[in-house]
Ligand SMILES: *Cc1c(COP(=O)(O)O)cnc(C)c1O
(Lines give C-alpha, C1' and ligand atoms only; values in the text may rest on other atoms or scores of the structure.)
Protein backbone atom coordinates (compact mmCIF):
# COMPACT_ATOMS: atom_id res chain seq x y z
CA UNK A 1 0.00 0.00 0.00
CA UNK A 2 1.22 3.51 -0.71
CA UNK A 3 1.58 6.18 1.84
CA UNK A 4 -1.87 6.24 3.42
CA UNK A 5 -3.81 9.43 3.81
CA UNK A 6 -3.41 9.28 7.58
CA UNK A 7 0.33 8.96 7.44
CA UNK A 8 0.44 11.76 4.89
CA UNK A 9 -1.30 14.06 7.32
CA UNK A 10 1.09 13.03 10.07
CA UNK A 11 3.87 13.90 7.69
CA UNK A 12 2.21 17.16 6.77
CA UNK A 13 1.94 18.10 10.42
CA UNK A 14 5.59 17.34 10.99
CA UNK A 15 6.76 19.21 7.94
CA UNK A 16 4.64 22.27 8.64
CA UNK A 17 2.52 21.74 5.54
CA UNK A 18 -0.67 21.26 7.51
CA UNK A 19 -1.74 24.89 7.93
CA UNK A 20 -1.62 25.34 4.18
CA UNK A 21 -3.62 22.21 3.61
CA UNK A 22 -6.29 23.17 6.13
CA UNK A 23 -6.41 26.58 4.51
CA UNK A 24 -7.13 25.26 1.02
CA UNK A 25 -10.35 23.85 -0.38
CA UNK A 26 -10.92 20.11 0.17
CA UNK A 27 -10.48 19.46 -3.54
CA UNK A 28 -7.11 21.16 -3.61
CA UNK A 29 -5.99 19.39 -0.45
CA UNK A 30 -7.04 16.06 -1.94
CA UNK A 31 -5.12 16.71 -5.10
CA UNK A 32 -2.00 17.59 -3.13
CA UNK A 33 -2.34 14.38 -1.12
CA UNK A 34 -2.50 12.37 -4.28
CA UNK A 35 0.42 14.11 -5.92
CA UNK A 36 2.66 13.82 -2.89
CA UNK A 37 1.76 10.26 -2.06
CA UNK A 38 2.22 9.19 -5.64
CA UNK A 39 5.63 10.83 -5.81
CA UNK A 40 6.71 9.43 -2.49
CA UNK A 41 6.05 5.83 -3.49
CA UNK A 42 9.46 5.74 -5.07
CA UNK A 43 12.88 5.91 -3.44
CA UNK A 44 14.23 7.98 -6.32
CA UNK A 45 15.34 11.54 -5.73
CA UNK A 46 12.79 14.32 -6.23
CA UNK A 47 12.65 18.08 -6.14
CA UNK A 48 10.07 20.06 -4.20
CA UNK A 49 9.17 23.46 -5.62
CA UNK A 50 7.73 26.01 -3.23
CA UNK A 51 5.14 28.43 -4.57
CA UNK A 52 5.39 30.52 -1.42
CA UNK A 53 9.14 30.90 -1.82
CA UNK A 54 8.76 31.88 -5.48
CA UNK A 55 6.19 34.48 -4.47
CA UNK A 56 8.42 35.80 -1.68
CA UNK A 57 11.47 36.06 -3.95
CA UNK A 58 9.45 37.76 -6.68
CA UNK A 59 8.28 40.37 -4.18
CA UNK A 60 11.82 40.94 -2.91
CA UNK A 61 13.14 41.34 -6.45
CA UNK A 62 10.33 43.75 -7.24
CA UNK A 63 11.13 45.81 -4.14
CA UNK A 64 14.82 46.00 -5.08
CA UNK A 65 13.81 47.04 -8.58
CA UNK A 66 11.59 49.83 -7.28
CA UNK A 67 8.49 48.15 -8.69
CA UNK A 68 9.79 47.88 -12.24
CA UNK A 69 8.49 44.87 -14.17
CA UNK A 70 10.53 41.67 -13.94
CA UNK A 71 11.59 39.83 -17.06
CA UNK A 72 12.08 36.40 -15.47
CA UNK A 73 14.95 34.40 -16.94
CA UNK A 74 13.91 30.74 -17.12
CA UNK A 75 16.74 29.32 -19.22
CA UNK A 76 18.16 25.86 -18.51
CA UNK A 77 14.90 24.34 -17.34
CA UNK A 78 14.19 27.35 -15.12
CA UNK A 79 17.53 26.93 -13.37
CA UNK A 80 16.77 23.28 -12.70
CA UNK A 81 13.40 23.84 -11.05
CA UNK A 82 11.50 22.68 -14.14
CA UNK A 83 10.53 25.10 -16.89
CA UNK A 84 6.82 24.40 -16.96
CA UNK A 85 6.19 24.23 -13.21
CA UNK A 86 8.25 27.26 -12.32
CA UNK A 87 7.01 29.42 -15.19
CA UNK A 88 3.33 28.63 -14.63
CA UNK A 89 3.68 29.69 -11.00
CA UNK A 90 5.66 32.84 -11.80
CA UNK A 91 3.28 33.83 -14.60
CA UNK A 92 0.47 34.36 -12.09
CA UNK A 93 2.40 37.01 -10.15
CA UNK A 94 1.63 40.57 -11.27
CA UNK A 95 5.31 41.61 -10.75
CA UNK A 96 6.41 39.27 -13.53
CA UNK A 97 6.19 41.19 -16.79
CA UNK A 98 7.48 38.41 -19.02
CA UNK A 99 9.96 35.62 -19.54
CA UNK A 100 13.32 35.21 -21.23
CA UNK A 101 15.05 32.01 -22.34
CA UNK A 102 17.96 31.13 -24.60
CA UNK A 103 16.47 28.25 -26.59
CA UNK A 104 13.64 28.56 -29.10
CA UNK A 105 12.15 25.29 -27.83
CA UNK A 106 11.87 26.71 -24.28
CA UNK A 107 10.08 29.82 -25.54
CA UNK A 108 7.60 27.73 -27.52
CA UNK A 109 6.99 25.46 -24.52
CA UNK A 110 5.90 28.48 -22.49
CA UNK A 111 3.24 29.23 -25.10
CA UNK A 112 2.18 25.57 -25.22
CA UNK A 113 1.73 25.77 -21.48
CA UNK A 114 -0.68 28.67 -22.03
CA UNK A 115 1.57 31.46 -20.82
CA UNK A 116 0.50 34.63 -22.59
CA UNK A 117 2.94 37.17 -21.08
CA UNK A 118 5.74 38.46 -23.33
CA UNK A 119 8.54 35.96 -24.00
CA UNK A 120 12.00 36.96 -25.21
CA UNK A 121 14.33 34.57 -27.01
CA UNK A 122 17.86 35.62 -26.03
CA UNK A 123 19.56 33.15 -28.41
CA UNK A 124 19.84 33.09 -32.18
CA UNK A 125 16.53 32.69 -33.99
CA UNK A 126 16.80 29.34 -35.74
CA UNK A 127 15.46 29.61 -39.29
CA UNK A 128 13.46 26.41 -38.96
CA UNK A 129 11.54 27.81 -35.96
CA UNK A 130 11.37 31.41 -37.13
CA UNK A 131 7.84 31.45 -38.50
CA UNK A 132 6.45 29.58 -35.52
CA UNK A 133 8.22 31.92 -33.11
CA UNK A 134 6.80 35.01 -34.80
CA UNK A 135 3.31 33.48 -34.98
CA UNK A 136 3.46 32.81 -31.24
CA UNK A 137 4.54 36.38 -30.52
CA UNK A 138 7.96 35.39 -29.22
CA UNK A 139 10.18 38.48 -29.15
CA UNK A 140 13.47 37.81 -30.92
CA UNK A 141 16.94 39.06 -30.13
CA UNK A 142 18.42 41.06 -32.98
CA UNK A 143 22.20 41.19 -33.13
CA UNK A 144 23.39 39.85 -36.46
CA UNK A 145 24.32 42.26 -39.30
CA UNK A 146 21.83 40.44 -41.56
CA UNK A 147 18.86 40.88 -39.17
CA UNK A 148 16.61 42.48 -41.81
CA UNK A 149 17.45 39.88 -44.46
CA UNK A 150 16.95 37.06 -41.97
CA UNK A 151 13.71 38.23 -40.39
CA UNK A 152 11.84 39.85 -43.27
CA UNK A 153 11.04 36.61 -45.16
CA UNK A 154 10.10 34.89 -41.91
CA UNK A 155 7.76 37.72 -40.92
CA UNK A 156 6.20 37.72 -44.36
CA UNK A 157 5.50 33.99 -44.14
CA UNK A 158 4.22 34.32 -40.57
CA UNK A 159 1.85 37.04 -41.73
CA UNK A 160 2.92 39.59 -39.11
CA UNK A 161 5.93 41.69 -38.15
CA UNK A 162 8.73 40.20 -36.08
CA UNK A 163 9.09 41.80 -32.63
CA UNK A 164 12.70 42.25 -31.64
CA UNK A 165 14.91 43.49 -28.83
CA UNK A 166 18.26 44.92 -29.87
CA UNK A 167 20.92 42.84 -28.12
CA UNK A 168 24.02 45.01 -27.69
CA UNK A 169 27.51 43.85 -26.79
CA UNK A 170 29.07 46.47 -24.54
CA UNK A 171 32.05 44.34 -23.59
CA UNK A 172 30.74 40.92 -22.63
CA UNK A 173 32.04 39.60 -25.96
CA UNK A 174 29.59 36.73 -26.03
CA UNK A 175 26.33 37.73 -27.71
CA UNK A 176 25.02 40.96 -29.13
CA UNK A 177 25.95 43.48 -31.79
CA UNK A 178 29.28 45.15 -30.83
CA UNK A 179 28.38 48.58 -29.46
CA UNK A 180 30.81 50.45 -31.73
CA UNK A 181 28.98 49.26 -34.84
CA UNK A 182 25.47 49.25 -33.47
CA UNK A 183 23.97 52.66 -34.25
CA UNK A 184 23.71 52.56 -38.08
CA UNK A 185 22.58 48.95 -37.88
CA UNK A 186 19.86 49.84 -35.35
CA UNK A 187 18.62 52.52 -37.75
CA UNK A 188 18.37 50.04 -40.61
CA UNK A 189 16.62 47.40 -38.55
CA UNK A 190 14.18 49.88 -37.01
CA UNK A 191 13.19 51.24 -40.42
CA UNK A 192 12.23 47.82 -41.72
CA UNK A 193 8.40 47.65 -42.05
CA UNK A 194 8.27 44.01 -41.00
CA UNK A 195 10.28 44.50 -37.79
CA UNK A 196 8.92 46.08 -34.65
CA UNK A 197 11.43 47.15 -31.97
CA UNK A 198 10.14 46.29 -28.50
CA UNK A 199 13.32 46.51 -26.45
CA UNK A 200 17.07 47.04 -26.17
CA UNK A 201 19.35 45.13 -23.82
CA UNK A 202 22.88 44.17 -22.82
CA UNK A 203 24.56 41.78 -20.39
CA UNK A 204 27.18 42.69 -17.80
CA UNK A 205 30.46 40.83 -17.29
CA UNK A 206 29.84 41.13 -13.52
CA UNK A 207 33.30 42.54 -13.01
CA UNK A 208 32.60 45.32 -10.52
CA UNK A 209 34.71 47.98 -12.24
CA UNK A 210 34.14 47.01 -15.84
CA UNK A 211 30.36 46.89 -15.29
CA UNK A 212 30.50 50.68 -14.85
CA UNK A 213 32.36 51.05 -18.13
CA UNK A 214 29.81 48.83 -19.87
CA UNK A 215 27.01 50.88 -18.39
CA UNK A 216 28.56 54.09 -19.77
CA UNK A 217 28.90 52.56 -23.23
CA UNK A 218 25.28 51.42 -23.13
CA UNK A 219 23.95 54.78 -21.94
CA UNK A 220 26.03 56.62 -24.51
CA UNK A 221 24.62 54.48 -27.30
CA UNK A 222 21.06 54.83 -26.02
CA UNK A 223 21.51 58.59 -25.91
CA UNK A 224 22.67 58.67 -29.52
CA UNK A 225 19.83 56.41 -30.61
CA UNK A 226 17.36 58.69 -28.89
CA UNK A 227 18.72 61.86 -30.48
CA UNK A 228 18.61 60.11 -33.87
CA UNK A 229 15.01 59.07 -33.12
CA UNK A 230 15.80 55.36 -33.36
CA UNK A 231 13.21 53.46 -31.34
CA UNK A 232 14.69 51.43 -28.47
CA UNK A 233 11.58 50.03 -26.79
CA UNK A 234 11.98 48.92 -23.20
CA UNK A 235 15.51 49.01 -21.92
CA UNK A 236 16.92 46.26 -19.69
CA UNK A 237 20.34 45.19 -18.49
CA UNK A 238 20.39 43.98 -14.88
CA UNK A 239 20.56 40.28 -14.05
CA UNK A 240 20.42 39.28 -10.36
CA UNK A 241 23.87 40.73 -9.76
CA UNK A 242 22.93 44.08 -11.32
CA UNK A 243 19.63 43.99 -9.49
CA UNK A 244 21.50 43.91 -6.16
CA UNK A 245 24.55 45.98 -6.94
CA UNK A 246 23.84 48.34 -9.84
CA UNK A 247 20.61 50.26 -9.30
CA UNK A 248 21.64 52.68 -12.09
CA UNK A 249 21.23 49.74 -14.47
CA UNK A 250 17.61 48.94 -13.61
CA UNK A 251 16.27 50.98 -16.56
CA UNK A 252 12.73 50.00 -17.62
CA UNK A 253 12.80 46.45 -16.29
CA UNK A 254 15.13 43.99 -14.58
CA UNK A 255 16.12 40.59 -15.90
CA UNK A 256 17.05 38.25 -13.03
CA UNK A 257 17.14 34.47 -12.96
CA UNK A 258 18.79 32.98 -9.93
CA UNK A 259 17.40 35.46 -7.38
CA UNK A 260 13.83 34.48 -8.27
CA UNK A 261 14.70 30.89 -7.48
CA UNK A 262 16.11 31.88 -4.11
CA UNK A 263 19.90 31.84 -4.44
CA UNK A 264 22.21 34.82 -4.15
CA UNK A 265 24.20 35.75 -7.28
CA UNK A 266 27.58 36.82 -5.93
CA UNK A 267 27.99 38.06 -2.34
CA UNK A 268 25.42 36.20 -0.24
CA UNK A 269 26.06 37.94 3.10
CA UNK A 270 25.78 41.42 1.64
CA UNK A 271 22.87 40.47 -0.61
CA UNK A 272 20.91 38.82 2.20
CA UNK A 273 21.09 42.13 4.05
CA UNK A 274 19.52 44.00 1.12
CA UNK A 275 16.81 41.47 0.35
CA UNK A 276 16.57 38.02 1.93
CA UNK A 277 15.55 35.25 -0.44
CA UNK A 278 14.26 31.74 0.20
CA UNK A 279 15.50 28.80 -1.89
CA UNK A 280 12.41 27.82 -3.87
CA UNK A 281 13.42 24.18 -4.22
CA UNK A 282 14.55 21.25 -2.09
CA UNK A 283 16.53 18.38 -3.50
CA UNK A 284 15.49 15.25 -1.62
CA UNK A 285 15.95 11.53 -1.69
CA UNK A 286 15.66 8.38 0.44
CA UNK A 287 18.01 6.37 2.59
CA UNK A 288 18.33 2.97 0.93
CA UNK A 289 20.92 1.23 3.13
CA UNK A 290 22.25 1.62 6.64
CA UNK A 291 25.31 -0.39 7.65
CA UNK A 292 27.81 -0.67 10.46
CA UNK A 293 31.49 -0.38 9.59
CA UNK A 294 34.28 -1.86 11.65
CA UNK A 295 37.56 -0.04 12.11
CA UNK A 296 39.46 -0.21 8.81
CA UNK A 297 36.40 -0.75 6.59
CA UNK A 298 36.06 1.62 3.62
CA UNK A 299 33.21 2.96 1.52
CA UNK A 300 32.79 3.50 -2.21
CA UNK A 301 35.17 3.99 -5.13
CA UNK A 302 38.76 4.80 -4.41
CA UNK A 303 38.47 3.92 -0.70
CA UNK A 304 38.46 7.64 0.03
CA UNK A 305 36.98 7.02 3.46
CA UNK A 306 38.32 4.44 5.88
CA UNK A 307 36.62 4.10 9.29
CA UNK A 308 38.96 4.98 12.14
CA UNK A 309 36.56 3.36 14.59
CA UNK A 310 33.30 1.45 14.32
CA UNK A 311 30.57 3.66 12.90
CA UNK A 312 27.22 3.62 11.10
CA UNK A 313 27.00 4.83 7.53
CA UNK A 314 23.95 5.42 5.32
CA UNK A 315 23.62 5.17 1.56
CA UNK A 316 21.32 7.67 -0.18
CA UNK A 317 19.76 7.05 -3.57
CA UNK A 318 21.15 10.10 -5.31
CA UNK A 319 24.37 10.72 -7.20
CA UNK A 320 26.13 12.99 -9.62
CA UNK A 321 23.93 11.62 -12.43
CA UNK A 322 21.00 13.24 -10.65
CA UNK A 323 22.90 16.50 -10.43
CA UNK A 324 24.33 16.28 -6.91
CA UNK A 325 27.91 17.61 -7.10
CA UNK A 326 30.73 15.08 -6.85
CA UNK A 327 32.55 17.70 -4.83
CA UNK A 328 30.01 17.30 -2.01
CA UNK A 329 32.63 15.02 -0.41
CA UNK A 330 34.66 18.18 0.29
CA UNK A 331 32.64 19.18 3.33
CA UNK A 332 28.93 19.08 2.46
CA UNK A 333 26.36 17.83 4.93
CA UNK A 334 22.95 16.26 4.42
CA UNK A 335 19.85 16.79 6.57
CA UNK A 336 18.05 13.66 7.77
CA UNK A 337 15.35 14.32 10.34
CA UNK A 338 16.73 17.29 12.24
CA UNK A 339 20.38 16.23 12.13
CA UNK A 340 23.18 16.94 9.68
CA UNK A 341 25.44 14.15 8.46
CA UNK A 342 28.71 14.62 6.53
CA UNK A 343 29.08 13.24 3.02
CA UNK A 344 31.93 10.69 2.87
CA UNK A 345 33.80 8.51 0.40
CA UNK A 346 32.69 9.40 -3.10
CA UNK A 347 29.52 10.64 -4.82
CA UNK A 348 28.97 8.02 -7.50
CA UNK A 349 26.47 8.18 -10.38
CA UNK A 350 23.44 7.12 -8.32
CA UNK A 351 24.62 6.89 -4.71
CA UNK A 352 25.95 9.13 -1.97
CA UNK A 353 27.15 8.05 1.48
CA UNK A 354 26.94 9.85 4.79
CA UNK A 355 28.56 9.09 8.12
CA UNK A 356 25.92 8.50 10.77
CA UNK A 357 28.18 7.97 13.78
CA UNK A 358 28.11 5.78 16.88
CA UNK A 359 24.35 5.52 17.13
CA UNK A 360 22.03 4.25 14.44
CA UNK A 361 19.91 7.39 14.16
CA UNK A 362 18.96 6.81 10.52
CA UNK A 363 16.75 4.13 8.93
CA UNK A 364 16.11 2.84 5.45
CA UNK A 365 13.22 4.87 4.02
CA UNK A 366 14.10 8.11 5.83
CA UNK A 367 14.06 11.25 3.73
CA UNK A 368 17.36 13.04 3.20
CA UNK A 369 17.44 16.69 2.09
CA UNK A 370 20.60 17.58 0.20
CA UNK A 371 19.99 21.19 -0.87
CA UNK A 372 17.23 23.52 0.25
CA UNK A 373 15.99 26.14 2.70
CA UNK A 374 15.52 23.70 5.59
CA UNK A 375 18.88 24.37 7.23
CA UNK A 376 21.61 26.99 6.66
CA UNK A 377 24.18 24.24 6.05
CA UNK A 378 22.30 22.98 2.99
CA UNK A 379 21.35 26.41 1.61
CA UNK A 380 22.45 26.39 -2.06
CA UNK A 381 24.93 29.25 -1.56
CA UNK A 382 26.42 27.65 1.52
CA UNK A 383 26.70 24.30 -0.22
CA UNK A 384 28.36 25.96 -3.23
CA UNK A 385 30.84 27.88 -1.08
CA UNK A 386 31.65 24.92 1.15
CA UNK A 387 32.53 22.53 -1.64
CA UNK A 388 33.85 25.09 -4.13
CA UNK A 389 31.36 24.97 -6.99
CA UNK A 390 29.30 27.71 -8.64
CA UNK A 391 25.86 28.17 -7.11
CA UNK A 392 24.55 28.34 -10.69
CA UNK A 393 25.78 24.77 -11.21
CA UNK A 394 24.12 23.65 -7.99
CA UNK A 395 20.75 24.64 -9.43
CA UNK A 396 21.15 24.08 -13.15
CA UNK A 397 22.76 20.65 -12.92
CA UNK A 398 19.71 19.10 -11.25
CA UNK A 399 18.66 16.37 -13.66
CA UNK A 400 15.58 17.38 -15.69
CA UNK A 401 14.20 13.83 -15.38
CA UNK A 402 13.75 13.96 -11.59
CA UNK A 403 10.18 14.33 -10.35
CA UNK A 404 9.20 17.87 -9.50
CA UNK A 405 6.54 18.23 -6.84
CA UNK A 406 4.94 21.62 -6.34
CA UNK A 407 4.14 22.31 -2.70
C1 LIG B 1 21.30 34.10 -17.42
C2 LIG B 1 21.07 35.44 -17.86
C3 LIG B 1 20.41 36.36 -17.01
C4 LIG B 1 20.01 36.05 -15.60
O5 LIG B 1 21.16 35.92 -14.81
P6 LIG B 1 21.11 35.68 -13.24
O7 LIG B 1 22.49 35.89 -12.81
O8 LIG B 1 20.65 34.28 -13.04
O9 LIG B 1 20.15 36.65 -12.68
C10 LIG B 1 20.15 37.62 -17.53
N11 LIG B 1 20.54 37.95 -18.77
C12 LIG B 1 21.17 37.12 -19.61
C13 LIG B 1 21.56 37.57 -20.97
C14 LIG B 1 21.46 35.82 -19.17
O15 LIG B 1 22.10 34.98 -19.99
Original post:
Out of (1) surrounded by fewer than 22 Cβ atoms within 10 Å (Cβ to Cβ); (2) in contact (Cβ under 8 Å) with a residue 40 or more places away in the chain, what's the single condition that is false for residue 147?
Top reply: (1)
Subject >> Pick from the range 259-268, criterion surrounded by fewer than 24 Cβ atoms within 10 Å (Cβ to Cβ) and in a loop (DSSP other than H, G, I, E, B), ranking: farthest from the ligand (Cβ to nearest atom) >> reply: 267
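Residues are listed down the side, and each one gets a yes or a no for (1) part of a helix (DSSP H, G or I); (2) under 17 Å from residue 396 (Cα atoms):
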residue: 61; (1), (2): yes, no
residue: 67; (1), (2): no, no
residue: 71; (1), (2): no, no
residue: 77; (1), (2): yes, yes
residue: 93; (1), (2): no, no
residue: 129; (1), (2): yes, no
Subject >> Selection count where residues are part of a loop (DSSP other than H, G, I, E, B), within 30 Å of residue 261 (Cα to Cα) and without any contact (Cβ under 8 Å) to a residue 40 or more places away in the chain, scope the range 279-333 >> reply: 1
Original post:
Within the range 156-167, is even one residue within 24 Å of the chain's Cα centre (by Cα) and either surrounded by 17 or more Cβ atoms within 10 Å (Cβ to Cβ) or at positive phi (or both)?
Top reply: yes
Original post:
What number goes with the only condition from (1) in contact with a strand residue (DSSP E or B) (Cβ under 8 Å, 6 or more places away or on another chain); (2) more than 25 Å from residue 214 (Cβ to Cβ); (3) in contact (Cβ under 8 Å) with a residue 40 or more places away in the chain that residue 192 does not pass?
Top reply: (1)
Original post:
What is the number of the single condition among (1) under 27 Å from residue 114 (Cβ atoms); (2) in contact with a strand residue (DSSP E or B) (Cβ under 6 Å, 6 or more places away or on another chain); (3) not in a helix (DSSP H, G or I) that residue 155 does not meet?
Top reply: (3)
Original post:
Which fully enclosed helices (runs of 4 or more DSSP H) of the range 160-249 have 1 or more residues being within 16 Å of the ligand (Cβ to nearest atom) and at pLDDT 95 or above?
Top reply: 208-227, 240-245
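The values are calculated or read from the model by the stated rules, or taken from the named source; none is laboratory data. Not measured: the values here are computed from a predicted model. All Cβ positions, even for glycine, are placed from backbone atoms using ideal geometry, and neighbour counts span all protein chains on display.
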